[in-house]
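The values are calculated or read from the model by the stated rules, or taken from the named source; none is laboratory data. Since the model is a prediction, treat every value here as computed from it, not as a measurement. Reconstructed Cβ throughout: ideal geometry from the backbone, glycine too, with neighbour counts over all protein chains shown.
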Amino acid sequence: MKRIIIGVLAGMLLLPIATGGWAAEPAGKSPAKKAEPPSWKTSLLVEETATVQAIDQSTRMVTLKGPKGNSLTFKAGEEVRNLAQVKAGDEVKFAFYESLAVRVLKTGEAFPAASESEAMARAKKGEMPAGVVGKEMTANVTITAIDKAAKTATLKKEDGKSVTVTPLDPKNLDKVKVGDRLVLTYTEVVAVKVEKAEKKK
């Protein structure tokens with residue numbers, strides 16, 4: 001459960017340049033054609049269940065107990081609809097999904113417009129609390145330095161700021177070079193659902 005919360009708070013701290021394998025060459029591609037720039041996508045899904053250990057409806061303070069016995073106490077905001085339906089012993093199911101798609105632009109190809117969008121859905125009035133929040137962000141960066149000894153790459157964002165990242169697979173540094181321009185598309189979805197304790201047998 002803590003990993004999910006940390007992931008939500010981390011937000012856009014997502015620039016590991018190569019968290020997955022490189023995309024395979026399309027079958028049947030003519031060897032005479034110039035190879036397409038590399039691209040890759042990686043994703044992660046974490047699911048956990050916690051139990052409502054205590055809840056104070058007047059203060060909206062909730063204590064959850066994780067599967068390993070760890071506890072977390074927090075105040076449920078007003079956006080948490082139907083909190084009055086929740087009682088000690090109920091189960092809270094969390095799901096956290098994130099993906100990062102990286103594309104190396106072709107020579108002469110312009111950066112697409114950076115974008116950010118969000119969507120949210122929650123339970124209807126009178127139902128058990130539940131909700132889904134999702135967002136997608138696209139950012140453009142340029143590789144300004146590669147240090148294979150340190151296994152890092154430095155990326156410059158459109159606002160001029162730079163960040164140094166360490167790929168999970170250092171071999172992917174051999175697939176890119178200084179001056180390459182990357183389009184990063186990050187997707188994040190968090191889902192929470194509360195279920196009555198008596199439903200579990």
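Quick notes on this structure:
Here's the yes/no breakdown for (1) at pLDDT below 95; (2) within 15 Å of S39 (Cα to Cα):
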{"residue": "V132", "(1), (2)": "yes, no"}
{"residue": "N140", "(1), (2)": "no, yes"}
{"residue": "T144", "(1), (2)": "no, no"}
{"residue": "D147", "(1), (2)": "no, no"}
{"residue": "T154", "(1), (2)": "no, no"}
{"residue": "N172", "(1), (2)": "yes, yes"}
{"residue": "K175", "(1), (2)": "yes, yes"}
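- Pairs are defined by a Cβ separation below 7 Å, a sequence spacing of at least 6 or placement on different chains, a first member in segment 53-72 that is closer than 17 Å to K87 by Cβ and in contact (Cβ under 8 Å) with a residue 12 or more places away in the chain, and a second member that is among the aromatic types (F, W, Y) and loosely packed, with under 14 Cβ neighbours inside 10 Å; the pairs so defined are V62/F74.
- Among residues of segment 184-201 that are closer than 24 Å to T42 by Cβ and among the acidic types (D, E), those with a beta-carbon under 8 Å from a residue that is surrounded by 16 or more Cβ atoms within 10 Å (Cβ to Cβ) and at pLDDT below 90 at least six positions away or on a different chain give the pairs E188/G7.
- Scan of segment 81-125 for residues that are among the small types (G, A, S), surrounded by fewer than 16 Cβ atoms within 10 Å (Cβ to Cβ) and farther than 19 Å from V52 by Cα, ordered by number: G108, A110, A113, A114, S115, S117, A119, A121
- Filter result (more than 25 Å from the chain's Cα centre (by Cα) and among the hydroxyl-bearing types (S, T, Y)) within segment 64-107: T107
- Of all residues assigned to segment 117-125, at least one qualifies as being part of a strand (DSSP E or B) and touching an Asp or Glu at 6+ places or on another chain (Cβ under 7 Å).
- Scanning segment 88-116 for residues that are under 30 Å from E78 (Cα atoms) and either in a strand (DSSP E or B) or aromatic (F, W, Y) (or both) yields E91, V92, K93, F94, A95, F96, Y97, E98, S99, S115, E116.
- Residue within segment 26-39 that is surrounded by 14 or more Cβ atoms within 10 Å (Cβ to Cβ) and either hydrophobic (A, V, I, L, M, F, W, C) or at pLDDT 90 or above (or both) present: no
- Cβ-Cβ contacts under 8 Å between residues 6 or more apart (or on different chains), taken from a first residue in segment 117-144 that is within 14 Å of N82 (Cα to Cα) and among the basic types (K, R) to a second residue that is at pLDDT below 95 and not in a strand (DSSP E or B), are listed as R122/E79; R122/R81; R122/P129; K125/R81; K125/N82.
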